[in-house]
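*Asks:* Provided herewith is a single structure, encoded as C-alpha coordinates, for subsequent inquiry.
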Amino acid sequence: MKQNHYKQLVFCLLAAMVTGSMAAPDTDRQAELLYLLKHDCGSCHGMTRKGGLGPPLLPENLQDQSSELLVNTVLDGRPGTPMPPWRGELSEQDARWLIEAMRRGEGL
Amino acid sequence: MKTHKGSVPFFRKHCGEVMPYRRKRVLTPYVPYVPYLLLALLLTAMSLATYAACPVRGTGDLGIVIERASGSVLVVDTTARKRLARIEGLGDLSHASVVFSRDERYAYVFGRDGGLSKIDLLCGRLDKRVLQAGNSIVGAISQDGSLVAVSNYTPGGVKVFAADSLQLVADLPARDKAGHSSKVVGLVDAPGNKFVYSLYDLGELRIADLSDPAAPVVTTFTDIGRLPYDGLITPDGRNYIAGLFGEDGLALLDLWHPDEGVQRILDGYGRGEEKLPVYKMPHLEGWAVAGRNVFIPAVGHHEVLVVDRYSWKEVARIPVHGQPVFVVARPDGRQVWVNFAHPLNDTVQVIDTQSMQVVHSMQPGDGVLHMEFAPRGEFVWLSVRDIDQVQVYDTESFERIATLEAEKPSGIFFTARAHRTGL
(Lines give C-alpha, C1' and ligand atoms only; values in the text may rest on other atoms or scores of the structure.)
Protein backbone atom coordinates (compact mmCIF):
# COMPACT_ATOMS: atom_id res chain seq x y z
CA MET A 1 0.00 0.00 0.00
CA LYS A 2 2.68 2.42 1.06
CA GLN A 3 4.81 1.60 -1.94
CA ASN A 4 1.79 2.02 -4.19
CA HIS A 5 1.12 5.40 -2.69
CA TYR A 6 4.75 6.34 -3.24
CA LYS A 7 4.57 5.22 -6.89
CA GLN A 8 1.47 7.28 -7.34
CA LEU A 9 3.17 10.31 -5.87
CA VAL A 10 6.18 9.89 -8.12
CA PHE A 11 3.90 9.40 -11.10
CA CYS A 12 1.96 12.55 -10.32
CA LEU A 13 5.11 14.55 -9.77
CA LEU A 14 6.56 13.26 -13.04
CA ALA A 15 3.30 13.98 -14.84
CA ALA A 16 3.31 17.48 -13.39
CA MET A 17 6.90 18.02 -14.46
CA VAL A 18 6.32 16.63 -17.96
CA THR A 19 3.23 18.71 -18.56
CA GLY A 20 4.80 21.71 -16.97
CA SER A 21 1.74 22.27 -14.78
CA MET A 22 1.59 22.86 -11.05
CA ALA A 23 1.46 20.05 -8.48
CA ALA A 24 -1.61 17.79 -8.31
CA PRO A 25 -4.74 19.12 -6.55
CA ASP A 26 -4.71 18.55 -2.78
CA THR A 27 -6.55 15.57 -1.31
CA ASP A 28 -9.74 17.51 -0.52
CA ARG A 29 -9.91 18.76 -4.08
CA GLN A 30 -9.21 15.26 -5.38
CA ALA A 31 -12.18 13.95 -3.43
CA GLU A 32 -14.35 16.74 -4.87
CA LEU A 33 -13.15 15.94 -8.36
CA LEU A 34 -13.91 12.24 -7.97
CA TYR A 35 -17.40 13.08 -6.66
CA LEU A 36 -17.96 15.36 -9.67
CA LEU A 37 -16.66 12.63 -11.98
CA LYS A 38 -19.01 10.05 -10.52
CA HIS A 39 -22.16 12.09 -10.23
CA ASP A 40 -22.01 14.91 -12.75
CA CYS A 41 -19.86 13.43 -15.52
CA GLY A 42 -21.68 10.20 -14.64
CA SER A 43 -25.08 11.56 -15.64
CA CYS A 44 -23.97 11.31 -19.29
CA HIS A 45 -21.00 8.92 -19.18
CA GLY A 46 -22.46 6.55 -16.56
CA MET A 47 -21.46 6.38 -12.90
CA THR A 48 -19.34 3.36 -13.77
CA ARG A 49 -17.99 5.27 -16.81
CA LYS A 50 -19.31 2.63 -19.20
CA GLY A 51 -20.96 5.33 -21.30
CA GLY A 52 -24.45 6.65 -21.81
CA LEU A 53 -25.46 9.57 -23.96
CA GLY A 54 -21.74 10.38 -23.82
CA PRO A 55 -19.00 7.87 -24.72
CA PRO A 56 -17.46 5.42 -22.20
CA LEU A 57 -14.47 6.73 -20.21
CA LEU A 58 -12.86 3.47 -19.10
CA PRO A 59 -9.04 3.18 -19.22
CA GLU A 60 -9.20 1.16 -22.46
CA ASN A 61 -11.32 3.86 -24.12
CA LEU A 62 -8.75 6.54 -23.30
CA GLN A 63 -5.49 4.73 -24.04
CA ASP A 64 -5.31 5.87 -27.66
CA GLN A 65 -6.24 9.49 -26.92
CA SER A 66 -3.65 12.14 -26.17
CA SER A 67 -3.86 13.87 -22.82
CA GLU A 68 -3.82 17.24 -24.57
CA LEU A 69 -6.97 16.39 -26.54
CA LEU A 70 -8.71 15.02 -23.45
CA VAL A 71 -7.79 18.01 -21.28
CA ASN A 72 -9.01 20.36 -24.00
CA THR A 73 -12.26 18.40 -24.30
CA VAL A 74 -12.86 18.71 -20.57
CA LEU A 75 -12.00 22.41 -20.44
CA ASP A 76 -13.55 23.59 -23.70
CA GLY A 77 -16.16 20.95 -24.49
CA ARG A 78 -16.84 19.43 -27.89
CA PRO A 79 -18.86 21.75 -30.10
CA GLY A 80 -21.75 20.02 -31.87
CA THR A 81 -22.13 17.51 -29.04
CA PRO A 82 -23.66 17.91 -25.56
CA MET A 83 -20.16 17.87 -23.97
CA PRO A 84 -20.00 21.28 -22.22
CA PRO A 85 -16.88 23.30 -21.43
CA TRP A 86 -15.92 22.85 -17.76
CA ARG A 87 -13.46 25.75 -17.70
CA GLY A 88 -14.46 28.09 -14.91
CA GLU A 89 -15.44 25.15 -12.75
CA LEU A 90 -12.24 23.18 -13.36
CA SER A 91 -8.68 24.45 -13.62
CA GLU A 92 -6.25 22.95 -16.12
CA GLN A 93 -4.59 21.20 -13.19
CA ASP A 94 -7.95 19.72 -12.12
CA ALA A 95 -8.64 18.52 -15.66
CA ARG A 96 -5.21 16.93 -15.98
CA TRP A 97 -5.60 15.14 -12.66
CA LEU A 98 -9.06 13.90 -13.67
CA ILE A 99 -7.78 12.51 -16.98
CA GLU A 100 -4.99 10.65 -15.19
CA ALA A 101 -7.47 9.40 -12.57
CA MET A 102 -9.67 8.06 -15.37
CA ARG A 103 -6.68 6.43 -17.07
CA ARG A 104 -5.90 4.67 -13.79
CA GLY A 105 -9.53 3.61 -13.45
CA GLU A 106 -9.69 5.36 -10.07
CA GLY A 107 -12.96 5.02 -8.19
CA LEU A 108 -14.26 2.21 -10.38
CA MET B 1 -75.30 -18.02 41.87
CA LYS B 2 -78.50 -19.92 41.40
CA THR B 3 -77.97 -20.35 37.76
CA HIS B 4 -74.36 -21.38 38.41
CA LYS B 5 -75.39 -24.01 40.93
CA GLY B 6 -78.04 -25.18 38.66
CA SER B 7 -75.70 -25.43 35.74
CA VAL B 8 -73.35 -27.90 37.41
CA PRO B 9 -75.79 -30.78 37.54
CA PHE B 10 -76.88 -29.84 34.09
CA PHE B 11 -73.32 -30.21 32.82
CA ARG B 12 -72.76 -33.46 34.70
CA LYS B 13 -76.00 -34.78 33.50
CA HIS B 14 -75.41 -34.07 29.88
CA CYS B 15 -71.72 -33.66 29.28
CA GLY B 16 -70.28 -35.76 32.11
CA GLU B 17 -71.65 -38.79 30.34
CA VAL B 18 -70.83 -37.61 26.93
CA MET B 19 -67.15 -36.72 27.52
CA PRO B 20 -65.90 -40.25 28.44
CA TYR B 21 -67.88 -41.52 25.52
CA ARG B 22 -66.23 -39.02 23.18
CA ARG B 23 -62.75 -39.67 24.54
CA LYS B 24 -63.10 -43.33 23.83
CA ARG B 25 -65.11 -43.35 20.72
CA VAL B 26 -64.47 -40.00 19.02
CA LEU B 27 -60.85 -38.95 19.63
CA THR B 28 -59.13 -42.34 19.49
CA PRO B 29 -59.95 -43.00 15.83
CA TYR B 30 -58.26 -39.67 14.95
CA VAL B 31 -54.91 -40.55 16.48
CA PRO B 32 -53.43 -41.87 13.19
CA TYR B 33 -54.23 -38.49 11.65
CA VAL B 34 -52.25 -36.45 14.19
CA PRO B 35 -49.14 -36.16 11.93
CA TYR B 36 -51.35 -34.77 9.17
CA LEU B 37 -52.88 -32.34 11.61
CA LEU B 38 -49.42 -31.15 12.63
CA LEU B 39 -48.44 -30.75 8.97
CA ALA B 40 -51.56 -28.67 8.37
CA LEU B 41 -50.66 -26.50 11.35
CA LEU B 42 -47.12 -26.09 10.02
CA LEU B 43 -48.41 -25.10 6.59
CA THR B 44 -50.75 -22.59 8.18
CA ALA B 45 -47.83 -21.15 10.16
CA MET B 46 -45.76 -20.92 6.98
CA SER B 47 -48.51 -19.19 5.08
CA LEU B 48 -48.90 -16.81 8.00
CA ALA B 49 -45.19 -16.03 7.75
CA THR B 50 -45.67 -15.26 4.06
CA TYR B 51 -48.67 -13.16 4.96
CA ALA B 52 -46.48 -11.13 7.30
CA ALA B 53 -44.01 -10.39 4.47
CA CYS B 54 -46.77 -9.59 1.97
CA PRO B 55 -49.42 -7.77 3.99
CA VAL B 56 -53.00 -7.46 2.86
CA ARG B 57 -53.09 -3.81 1.84
CA GLY B 58 -53.51 -1.60 -1.21
CA THR B 59 -50.50 -0.39 -3.17
CA GLY B 60 -52.07 2.81 -4.50
CA ASP B 61 -50.15 5.01 -2.08
CA LEU B 62 -46.79 3.31 -2.50
CA GLY B 63 -43.78 4.38 -4.50
CA ILE B 64 -40.18 3.68 -5.41
CA VAL B 65 -37.14 5.83 -4.65
CA ILE B 66 -34.00 5.07 -6.67
CA GLU B 67 -30.73 5.04 -4.74
CA ARG B 68 -28.54 5.69 -7.73
CA ALA B 69 -25.07 5.02 -6.35
CA SER B 70 -25.77 1.83 -4.42
CA GLY B 71 -27.85 -0.03 -6.99
CA SER B 72 -30.80 -0.22 -4.63
CA VAL B 73 -34.36 1.06 -4.42
CA LEU B 74 -36.64 1.91 -1.52
CA VAL B 75 -40.28 0.94 -1.42
CA VAL B 76 -42.03 3.84 0.29
CA ASP B 77 -45.46 4.44 1.79
CA THR B 78 -46.60 7.96 0.87
CA THR B 79 -49.40 8.02 3.45
CA ALA B 80 -47.26 7.01 6.44
CA ARG B 81 -44.27 8.80 4.79
CA LYS B 82 -41.89 6.02 5.62
CA ARG B 83 -39.69 3.40 4.05
CA LEU B 84 -41.18 -0.08 3.82
CA ALA B 85 -38.34 -2.02 2.21
CA ARG B 86 -34.95 -1.66 0.61
CA ILE B 87 -34.12 -3.89 -2.35
CA GLU B 88 -30.47 -4.24 -3.34
CA GLY B 89 -28.47 -5.74 -6.16
CA LEU B 90 -30.13 -3.90 -9.05
CA GLY B 91 -26.89 -2.89 -10.80
CA ASP B 92 -25.97 0.58 -12.09
CA LEU B 93 -28.95 2.83 -11.36
CA SER B 94 -27.54 6.13 -12.56
CA HIS B 95 -30.39 7.54 -14.60
CA ALA B 96 -32.79 4.75 -13.67
CA SER B 97 -36.51 5.03 -14.33
CA VAL B 98 -39.59 3.08 -13.28
CA VAL B 99 -43.00 2.10 -14.66
CA PHE B 100 -45.77 0.21 -12.85
CA SER B 101 -47.99 -2.76 -13.67
CA ARG B 102 -51.65 -1.86 -14.08
CA ASP B 103 -52.53 -3.58 -10.79
CA GLU B 104 -49.92 -1.33 -9.11
CA ARG B 105 -48.31 -4.32 -7.46
CA TYR B 106 -45.14 -4.47 -9.55
CA ALA B 107 -42.56 -1.85 -10.44
CA TYR B 108 -40.27 -2.29 -13.44
CA VAL B 109 -36.90 -0.63 -12.84
CA PHE B 110 -34.76 0.21 -15.86
CA GLY B 111 -31.06 0.44 -14.97
CA ARG B 112 -28.15 1.99 -16.79
CA ASP B 113 -26.37 -1.34 -17.22
CA GLY B 114 -29.25 -2.81 -19.19
CA GLY B 115 -30.81 -4.49 -16.17
CA LEU B 116 -34.60 -4.78 -16.11
CA SER B 117 -35.84 -5.60 -12.60
CA LYS B 118 -39.40 -6.43 -11.59
CA ILE B 119 -40.05 -5.43 -7.99
CA ASP B 120 -42.95 -6.78 -5.94
CA LEU B 121 -44.05 -3.70 -3.97
CA LEU B 122 -46.49 -5.60 -1.79
CA CYS B 123 -43.90 -8.08 -0.57
CA GLY B 124 -40.96 -5.66 -0.81
CA ARG B 125 -38.74 -7.97 -2.82
CA LEU B 126 -37.20 -8.57 -6.22
CA ASP B 127 -39.50 -10.76 -8.29
CA LYS B 128 -37.48 -11.15 -11.51
CA ARG B 129 -34.49 -9.59 -13.18
CA VAL B 130 -32.94 -9.82 -16.66
CA LEU B 131 -29.82 -8.18 -18.09
CA GLN B 132 -31.17 -7.28 -21.49
CA ALA B 133 -28.55 -5.00 -23.05
CA GLY B 134 -25.20 -3.37 -22.40
CA ASN B 135 -26.46 0.10 -21.71
CA SER B 136 -30.03 1.31 -21.44
CA ILE B 137 -31.85 4.39 -20.39
CA VAL B 138 -35.60 4.32 -20.14
CA GLY B 139 -38.63 2.09 -20.44
CA ALA B 140 -42.37 2.09 -20.92
CA ILE B 141 -45.30 -0.24 -20.31
CA SER B 142 -47.89 -0.90 -23.02
CA GLN B 143 -51.46 0.37 -22.88
CA ASP B 144 -52.79 -3.09 -21.95
CA GLY B 145 -50.01 -3.67 -19.42
CA SER B 146 -48.83 -6.86 -21.11
CA LEU B 147 -45.56 -5.55 -22.58
CA VAL B 148 -42.57 -3.69 -21.18
CA ALA B 149 -40.28 -1.91 -23.65
CA VAL B 150 -36.72 -0.79 -22.91
CA SER B 151 -34.73 1.68 -24.99
CA ASN B 152 -31.05 0.97 -25.32
CA TYR B 153 -27.84 2.84 -26.06
CA THR B 154 -25.55 -0.15 -26.64
CA PRO B 155 -26.56 -1.78 -28.87
CA GLY B 156 -29.05 0.88 -29.88
CA GLY B 157 -32.64 -0.24 -30.22
CA VAL B 158 -35.78 -1.18 -28.33
CA LYS B 159 -36.43 -4.55 -26.75
CA VAL B 160 -39.91 -5.59 -25.76
CA PHE B 161 -40.58 -8.07 -22.95
CA ALA B 162 -43.63 -9.86 -21.60
CA ALA B 163 -44.57 -7.93 -18.44
CA ASP B 164 -45.28 -11.07 -16.40
CA SER B 165 -42.34 -13.33 -17.29
CA LEU B 166 -39.79 -10.77 -18.64
CA GLN B 167 -39.33 -13.06 -21.66
CA LEU B 168 -38.15 -11.29 -24.81
CA VAL B 169 -41.05 -10.72 -27.21
CA ALA B 170 -39.58 -8.40 -29.86
CA ASP B 171 -36.23 -6.80 -30.71
CA LEU B 172 -36.42 -3.59 -32.73
CA PRO B 173 -32.99 -2.39 -33.87
CA ALA B 174 -32.41 1.34 -34.37
CA ARG B 175 -30.52 1.46 -37.66
CA ASP B 176 -30.95 3.57 -40.74
CA LYS B 177 -30.84 2.16 -44.29
CA ALA B 178 -27.07 2.56 -44.39
CA GLY B 179 -26.81 0.42 -41.26
CA HIS B 180 -25.82 3.18 -38.81
CA SER B 181 -27.02 2.41 -35.31
CA SER B 182 -28.39 4.99 -32.89
CA LYS B 183 -29.02 5.43 -29.22
CA VAL B 184 -32.73 5.43 -28.45
CA VAL B 185 -34.27 8.14 -26.24
CA GLY B 186 -37.71 9.44 -25.27
CA LEU B 187 -39.48 6.06 -25.30
CA VAL B 188 -43.15 6.32 -24.30
CA ASP B 189 -46.29 4.20 -24.57
CA ALA B 190 -49.13 5.28 -26.82
CA PRO B 191 -52.72 4.08 -27.34
CA GLY B 192 -53.12 0.98 -29.50
CA ASN B 193 -50.28 -0.89 -27.74
CA LYS B 194 -47.79 1.34 -29.51
CA PHE B 195 -44.44 2.67 -28.37
CA VAL B 196 -43.01 5.93 -29.69
CA TYR B 197 -39.32 6.82 -29.47
CA SER B 198 -36.58 8.97 -30.97
CA LEU B 199 -33.17 8.10 -32.37
CA TYR B 200 -30.56 10.42 -30.87
CA ASP B 201 -27.77 9.93 -33.40
CA LEU B 202 -29.94 9.67 -36.52
CA GLY B 203 -32.53 12.41 -35.80
CA GLU B 204 -35.45 10.05 -36.41
CA LEU B 205 -38.77 9.35 -34.70
CA ARG B 206 -40.37 5.91 -34.76
CA ILE B 207 -43.71 4.36 -33.87
CA ALA B 208 -43.68 0.64 -33.09
CA ASP B 209 -47.14 -0.93 -33.22
CA LEU B 210 -47.17 -3.99 -30.96
CA SER B 211 -50.88 -4.77 -31.29
CA ASP B 212 -49.64 -8.08 -32.64
CA PRO B 213 -46.50 -8.65 -30.54
CA ALA B 214 -45.38 -11.44 -32.87
CA ALA B 215 -45.36 -9.05 -35.83
CA PRO B 216 -44.44 -5.49 -34.76
CA VAL B 217 -44.97 -2.76 -37.36
CA VAL B 218 -42.47 0.12 -37.20
CA THR B 219 -43.14 3.48 -38.89
CA THR B 220 -40.16 5.83 -39.30
CA PHE B 221 -40.07 9.62 -39.58
CA THR B 222 -36.69 10.96 -40.71
CA ASP B 223 -35.08 14.41 -40.36
CA ILE B 224 -37.00 15.44 -37.27
CA GLY B 225 -34.08 17.64 -36.12
CA ARG B 226 -30.58 17.27 -34.70
CA LEU B 227 -29.92 15.21 -31.57
CA PRO B 228 -33.34 14.57 -30.07
CA TYR B 229 -32.54 14.07 -26.37
CA ASP B 230 -35.88 13.12 -24.82
CA GLY B 231 -39.57 12.88 -25.61
CA LEU B 232 -42.99 13.10 -24.01
CA ILE B 233 -46.52 12.19 -24.93
CA THR B 234 -49.59 14.16 -23.91
CA PRO B 235 -51.86 12.36 -21.40
CA ASP B 236 -54.53 11.85 -24.08
CA GLY B 237 -51.92 9.96 -26.08
CA ARG B 238 -52.34 12.23 -29.08
CA ASN B 239 -49.16 14.31 -29.37
CA TYR B 240 -45.56 13.19 -29.08
CA ILE B 241 -42.94 15.89 -28.60
CA ALA B 242 -39.19 15.36 -28.91
CA GLY B 243 -36.80 17.92 -27.45
CA LEU B 244 -33.82 18.70 -29.69
CA PHE B 245 -30.38 19.29 -28.33
CA GLY B 246 -28.75 20.09 -31.66
CA GLU B 247 -31.04 23.00 -32.44
CA ASP B 248 -33.43 25.37 -30.71
CA GLY B 249 -36.83 23.84 -31.24
CA LEU B 250 -38.98 20.79 -30.65
CA ALA B 251 -40.35 18.12 -32.96
CA LEU B 252 -44.10 17.39 -32.75
CA LEU B 253 -46.03 14.43 -34.13
CA ASP B 254 -49.83 14.24 -34.05
CA LEU B 255 -50.47 10.52 -33.53
CA TRP B 256 -54.07 10.97 -34.66
CA HIS B 257 -52.70 12.17 -38.00
CA PRO B 258 -49.28 10.58 -38.45
CA ASP B 259 -49.66 11.05 -42.22
CA GLU B 260 -49.17 14.79 -41.67
CA GLY B 261 -45.63 14.07 -40.53
CA VAL B 262 -43.42 15.67 -37.91
CA GLN B 263 -43.74 19.40 -37.48
CA ARG B 264 -41.24 21.78 -35.88
CA ILE B 265 -42.45 23.92 -33.00
CA LEU B 266 -40.80 26.78 -31.09
CA ASP B 267 -38.29 26.91 -33.91
CA GLY B 268 -35.27 28.98 -32.99
CA TYR B 269 -36.52 29.90 -29.51
CA GLY B 270 -33.05 30.86 -28.38
CA ARG B 271 -32.02 32.68 -31.50
CA GLY B 272 -29.69 35.62 -31.06
CA GLU B 273 -28.77 34.55 -27.55
CA GLU B 274 -25.66 32.67 -26.65
CA LYS B 275 -26.44 29.18 -25.45
CA LEU B 276 -24.92 28.36 -22.08
CA PRO B 277 -22.99 25.16 -21.53
CA VAL B 278 -25.40 22.42 -20.50
CA TYR B 279 -24.13 20.50 -17.48
CA LYS B 280 -27.17 18.29 -17.33
CA MET B 281 -29.62 17.34 -20.04
CA PRO B 282 -33.14 18.52 -19.32
CA HIS B 283 -35.86 15.90 -19.12
CA LEU B 284 -39.24 15.86 -20.73
CA GLU B 285 -41.38 13.84 -18.41
CA GLY B 286 -45.08 13.97 -18.45
CA TRP B 287 -46.88 17.07 -19.46
CA ALA B 288 -46.69 20.27 -17.48
CA VAL B 289 -49.91 21.88 -18.61
CA ALA B 290 -52.22 24.53 -17.21
CA GLY B 291 -55.24 25.42 -19.30
CA ARG B 292 -53.91 26.11 -22.79
CA ASN B 293 -50.32 26.51 -21.68
CA VAL B 294 -47.58 23.91 -21.71
CA PHE B 295 -44.36 24.47 -19.73
CA ILE B 296 -41.13 23.11 -21.20
CA PRO B 297 -37.46 23.45 -20.13
CA ALA B 298 -35.29 25.59 -22.44
CA VAL B 299 -31.97 24.00 -23.36
CA GLY B 300 -28.93 26.13 -22.51
CA HIS B 301 -30.98 29.04 -21.18
CA HIS B 302 -32.15 30.02 -17.70
CA GLU B 303 -35.75 29.90 -18.87
CA VAL B 304 -38.93 27.90 -18.87
CA LEU B 305 -40.73 28.08 -22.22
CA VAL B 306 -44.49 28.38 -22.36
CA VAL B 307 -46.26 27.22 -25.49
CA ASP B 308 -49.93 27.19 -26.51
CA ARG B 309 -51.05 23.57 -26.71
CA TYR B 310 -53.37 24.17 -29.67
CA SER B 311 -51.46 26.59 -31.91
CA TRP B 312 -48.03 25.40 -30.64
CA LYS B 313 -46.88 29.04 -30.65
CA GLU B 314 -44.64 30.51 -27.98
CA VAL B 315 -46.66 32.29 -25.29
CA ALA B 316 -43.93 33.35 -22.87
CA ARG B 317 -40.48 32.67 -21.53
CA ILE B 318 -40.16 32.70 -17.77
CA PRO B 319 -36.74 33.63 -16.35
CA VAL B 320 -35.67 31.16 -13.69
CA HIS B 321 -32.72 30.49 -11.37
CA GLY B 322 -30.75 28.20 -13.71
CA GLN B 323 -31.08 25.78 -16.58
CA PRO B 324 -34.21 23.75 -15.89
CA VAL B 325 -33.93 19.96 -15.73
CA PHE B 326 -37.48 18.92 -14.75
CA VAL B 327 -40.46 21.21 -15.28
CA VAL B 328 -43.44 19.46 -13.70
CA ALA B 329 -46.97 20.66 -13.03
CA ARG B 330 -48.82 20.00 -9.83
CA PRO B 331 -51.64 17.68 -10.93
CA ASP B 332 -54.21 20.50 -10.75
CA GLY B 333 -52.05 22.66 -13.06
CA ARG B 334 -52.01 25.63 -10.69
CA GLN B 335 -48.25 25.40 -10.04
CA VAL B 336 -45.21 24.30 -12.01
CA TRP B 337 -42.14 23.16 -10.09
CA VAL B 338 -38.66 23.43 -11.57
CA ASN B 339 -35.28 22.00 -10.58
CA PHE B 340 -31.96 22.93 -12.11
CA ALA B 341 -28.75 21.65 -13.66
CA HIS B 342 -25.37 21.52 -11.97
CA PRO B 343 -23.99 23.74 -10.44
CA LEU B 344 -27.30 25.41 -9.49
CA ASN B 345 -29.00 22.18 -8.45
CA ASP B 346 -29.50 23.17 -4.81
CA THR B 347 -32.60 25.18 -5.68
CA VAL B 348 -36.23 24.49 -6.53
CA GLN B 349 -38.58 27.18 -7.87
CA VAL B 350 -42.34 27.26 -8.09
CA ILE B 351 -44.09 29.08 -10.94
CA ASP B 352 -47.67 30.27 -10.58
CA THR B 353 -49.24 29.27 -13.89
CA GLN B 354 -51.72 32.14 -13.93
CA SER B 355 -49.28 35.01 -13.41
CA MET B 356 -46.46 33.01 -15.08
CA GLN B 357 -44.05 34.19 -12.42
CA VAL B 358 -41.82 32.50 -9.91
CA VAL B 359 -43.70 32.73 -6.61
CA HIS B 360 -41.46 30.63 -4.41
CA SER B 361 -37.79 29.64 -4.28
CA MET B 362 -36.17 27.27 -1.83
CA GLN B 363 -32.87 25.52 -1.22
CA PRO B 364 -33.57 21.95 -0.10
CA GLY B 365 -29.86 21.06 -0.38
CA ASP B 366 -27.22 20.26 -3.02
CA GLY B 367 -28.24 17.92 -5.79
CA VAL B 368 -32.03 18.16 -6.06
CA LEU B 369 -32.54 15.56 -8.77
CA HIS B 370 -36.25 14.78 -9.01
CA MET B 371 -39.74 15.80 -7.89
CA GLU B 372 -42.85 13.62 -7.63
CA PHE B 373 -46.32 14.86 -6.72
CA ALA B 374 -49.03 13.07 -4.82
CA PRO B 375 -51.65 11.96 -7.36
CA ARG B 376 -53.87 14.90 -6.33
CA GLY B 377 -50.99 17.25 -5.67
CA GLU B 378 -51.25 18.09 -1.96
CA PHE B 379 -47.61 17.14 -1.35
CA VAL B 380 -44.43 16.71 -3.36
CA TRP B 381 -41.41 14.51 -2.69
CA LEU B 382 -37.94 15.82 -3.61
CA SER B 383 -34.75 13.79 -3.82
CA VAL B 384 -31.72 15.66 -2.50
CA ARG B 385 -28.74 13.59 -3.56
CA ASP B 386 -25.78 15.15 -1.78
CA ILE B 387 -27.35 15.12 1.67
CA ASP B 388 -28.89 11.65 1.26
CA GLN B 389 -32.44 12.81 1.88
CA VAL B 390 -35.90 12.63 0.42
CA GLN B 391 -37.89 15.66 1.56
CA VAL B 392 -41.66 15.95 1.54
CA TYR B 393 -43.28 19.39 1.16
CA ASP B 394 -46.82 20.66 1.46
CA THR B 395 -47.49 22.33 -1.91
CA GLU B 396 -49.73 25.06 -0.48
CA SER B 397 -47.67 26.21 2.51
CA PHE B 398 -44.29 25.08 1.07
CA GLU B 399 -43.52 23.75 4.58
CA ARG B 400 -41.42 20.64 4.84
CA ILE B 401 -43.60 17.95 6.40
CA ALA B 402 -41.28 14.94 6.43
CA THR B 403 -37.72 13.83 5.74
CA LEU B 404 -36.65 10.31 4.84
CA GLU B 405 -33.13 8.97 4.73
CA ALA B 406 -32.06 7.57 1.35
CA GLU B 407 -28.62 6.86 -0.08
CA LYS B 408 -27.89 9.25 -2.98
CA PRO B 409 -31.56 9.35 -4.03
CA SER B 410 -32.49 10.22 -7.62
CA GLY B 411 -35.79 9.27 -9.27
CA ILE B 412 -39.01 9.08 -7.22
CA PHE B 413 -41.97 7.26 -8.75
CA PHE B 414 -45.44 6.78 -7.26
CA THR B 415 -47.75 3.95 -8.29
CA ALA B 416 -50.46 6.31 -9.58
CA ARG B 417 -48.31 6.50 -12.72
CA ALA B 418 -49.70 3.04 -13.57
CA HIS B 419 -52.85 4.62 -14.92
CA ARG B 420 -51.35 7.45 -16.91
CA THR B 421 -50.30 7.26 -20.55
CA GLY B 422 -46.66 8.14 -21.08
CA LEU B 423 -45.49 7.66 -17.46
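*Asks:* Is it the case that some residue within the stretch B:224-244 is modelled with pLDDT under 90 and closer than 19 Å to A:Gly77 by Cβ?
*Replies:* no
*Asks:* Same structure, new question: Within the stretch B:180-200, work out how many residues are under 22 Å from B:His95 (Cα atoms) and surrounded by fewer than 19 Cβ atoms within 10 Å (Cβ to Cβ).
*Replies:* Going through the stretch B:180-200 one residue at a time, the tally reaches 1.
*Asks:* Can you name every residue in the stretch B:222-245 that is surrounded by fewer than 19 Cβ atoms within 10 Å (Cβ to Cβ) and of a type in the set (A, V, I, L, M, F, W, C)?
*Replies:* Residues satisfying the conditions do not exist here.
*Asks:* Another one. Within the stretch A:17-47, which residues are over 14 Å from the mean Cα position of the chain (by Cα), at pLDDT below 90 and either among the hydroxyl-bearing types (Ser, Thr, Tyr) or farther than 22 Å from B:Ile137 by Cβ (or both)?
*Replies:* Selection gives A:Met17, A:Val18, A:Thr19, A:Gly20, A:Ser21, A:Met22, A:Ala23, A:Ser43.
*Asks:* Tell me yes or no: at least one residue of the stretch B:178-190 is part of a strand (DSSP E or B), within 20 Å of B:Val98 (Cα to Cα) and basic (Lys, Arg).
*Replies:* no
*Asks:* Within the stretch B:201-220, which residues are outside any loop (DSSP other than H, G, I, E, B) and surrounded by fewer than 20 Cβ atoms within 10 Å (Cβ to Cβ)?
*Replies:* Those that are outside any loop (DSSP other than H, G, I, E, B) and surrounded by fewer than 20 Cβ atoms within 10 Å (Cβ to Cβ): B:Ile207, B:Asp209, B:Val217, B:Val218, B:Thr219, B:Thr220.
*Asks:* Using beta carbons and a limit of 6 Å, which pairs, at least six apart or on different chains, have the first residue in the stretch A:47-61 and within 19 Å of B:Arg385 (Cβ to Cβ) and the second one assigned to a loop (DSSP other than H, G, I, E, B) and of a type in the set (S, T, N, Q)?
*Replies:* Listed pairs, sorted by first residue: A:Met47/B:Ser94.
*Asks:* Within the stretch B:112-140, take every residue that is within 11 Å of chain A (Cβ to nearest Cβ) and small (Gly, Ala, Ser) and give me the one that is farthest from the chain's Cα centre (by Cα).
*Replies:* In this case the residue turns out to be B:Gly134.
*Asks:* Quick one: which residue in B:Thr79, B:Thr154, B:Thr59 is β-branched (Val, Ile, Thr) and modelled with pLDDT under 95?
*Replies:* Selected residue: B:Thr154, the only one of B:Thr79, B:Thr154, B:Thr59 that is β-branched (Val, Ile, Thr) and modelled with pLDDT under 95.
*Asks:* Turning to a different aspect of this structure: Would you tally the residues in the stretch B:264-294 being over 25 Å from A:Lys38 (Cα atoms) and either among the basic types (Lys, Arg) or modelled with pLDDT of 95 or more (or both)?
*Replies:* Number satisfying all stated conditions: 4.
*Asks:* Follow-up question, since we're still on this one. Kindly indicate the residue of the stretch B:246-261 that is surrounded by fewer than 22 Cβ atoms within 10 Å (Cβ to Cβ) and either closer than 30 Å to B:Glu274 by Cα or within 14 Å of chain A (Cβ to nearest Cβ) (or both) and also modelled with the highest pLDDT among those meeting that condition.
*Replies:* B:Leu252
The values are calculated or read from the model by the stated rules, or taken from the named source; none is laboratory data. All of these numbers come straight from a predicted model, not from anything done at the bench. Virtual Cβ from ideal backbone geometry, glycine too; neighbours counted across all protein chains shown.
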